[in-house]
């Protein structure tokens, strides 16, 4: 790869934000660019010399096939290509690394699929077709579930014995999260749930599986695995399973928000500001965002409209903010009083509880604290803070010191 001067990249028509350039840089130090081309430009692009190797995305996975000199066995079987490599003699070879990526994702569940009943939601789509092929090759008996056709979502009760459910639809993807394509209630034999959506980190389907004690995996691992195989095709260097998992974990930690919860007056705003500076991230204080939206202070709104109305506004605001990525979010002390706020935060965040002694909590400008008293609020909320938190951090002598403890306890992230 040392003599390569042309870039690697992705070929598509309209290419938005993607994790893929970061993945290739982490896996192999590859600079990865976007090649946006109209249909009439595809042939000239493939025959040109401005690229060394490319991934191919919708709508060109089948379009490119006639212009290639050879196909891998998997690409030939799938009938489409997502990776093109220049061979030493200049010929173009098409491959399909989505197959490997999905197989790697399913294998990570550890479920024996020989003879297993697997429901593939969205099996008629491009991703679903790949899933059906892989699952069949692994010995499973996959069932394609679609809005119309032989098996629809209205027929799911006939498959209560299913061993695995795979979501190959975009339902639950940012920004329409945490929606789910179906409920898991009634599937009493499920051994695992697989969702190929990778943003947010935990889809609605995955969070329901979590509540029911069913192992669940998301699509980021598939994305990294398929890139790892493409990297091997490009460079000849093998990327082992441990490295795939390592890059996946690091990217997941990098993309997820850091959410601060805790008692009113525990310093969430100041600690959040300090932590955002350390991480070079945007900081959003939910209370401050609410005041901007409402046109008055939270205290004024509570006093005029009541706490219930305020909590509804807080949930709506939390829903909007927590869908995003790479933020530091400071929540109001009462966010835990509404159960529906937990999945909104949990879907794409690491939740940190700030634990500050009650006698050190600020009470200024807090009508609910003044009304109910610190001790009573603590009795109501402390158990919730602890159950929601992924990490609990005791407050230090300053906001900066507390933020430093949180920062040092975070998993490794990608330095961009």
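Where a number appears in this text, it was derived from the coordinates with a stated rule and is not lab data. Predicted model, so just to flag it, every value in this text is computed and none were measured. Every residue, glycine among them, receives a Cβ derived from its backbone with ideal geometry; neighbour counts consider all protein chains shown.
Please give the helix 268-279 orientation as an angle from the longest Cα principal axis of the chain, in degrees from 0 to 90, rounded to the nearest 10.
30
Within the P(r) computed for segment 17-105, what percentage of the Cα pairs occupies the region above 18 Å?
Values: 1807 of 3916 pairs.
So the portion of pairs separated by more than 18 Å is 46 percent.
How do 252-265, 30-43, 86-99 rank on mean C-beta neighbours within 10 Å, highest first?
252-265, 86-99, 30-43
What shape does segment 110-214 have by the C-alpha gyration tensor, where a ≥ b ≥ c are the square roots of the eigenvalues, rounded means a/c under 1.5, and otherwise prolate means a/b greater than b/c and oblate the rest? Each step should come with its number before you reach the end.
Details: a/c = 1.38, a/b = 1.21, b/c = 1.14.
Rounded shape, in that the Cα axes give a/c under 1.5.
Per 5 Å bin, what is the whole-percent P(r) computed from every C-alpha pair distance within segment 271-416?
Each 5 Å bin holds this share of Cα pairs: 2, 8, 18, 22, 22, 17, 8, 2, 1, 0.
Relative to the longest principal axis of the chain, what angle (0 to 90°, nearest 10) does the C-alpha long axis of helix 374-388 take?
Tilt relative to the chain: about 10 degrees.
Given (i) 4, 20, 26, 22, 17, 9, 3, 0; (ii) 4, 15, 24, 28, 20, 8, 2, 0; (iii) 4, 14, 21, 23, 20, 13, 5, 1, 0, which label gives P(r) over Cα pairs in 10 Å bins from 0, in percent as computed from the coordinates?
(i)
What's the FRET efficiency of residue 243 with residue 152 using the Cβ-Cβ distance as r and R₀ = 41 Å, to the nearest 0.05? Kindly include the intermediate steps, with their values, before the conclusion.
Values: r = 41 Å, r/R0 = 0.99.
The value I calculate is 0.50.
Taking the 0 to 90 degree range and rounding to the nearest ten, how far is the long axis of helix 307-322 tilted relative to the main principal axis of the chain, both from C-alpha atoms?
So the helix axis and the longest Cα principal axis differ by about 30 degrees.
Using packing as a proxy for protection, rank 75-85, 281-291 so that the peptide with the highest average count of other Cβ atoms within 10 Å comes first. List each step's numbers first, then the result.
Numbers: 75-85: 21.3, 281-291: 18.5.
The packing order, highest mean first, is 75-85, 281-291.
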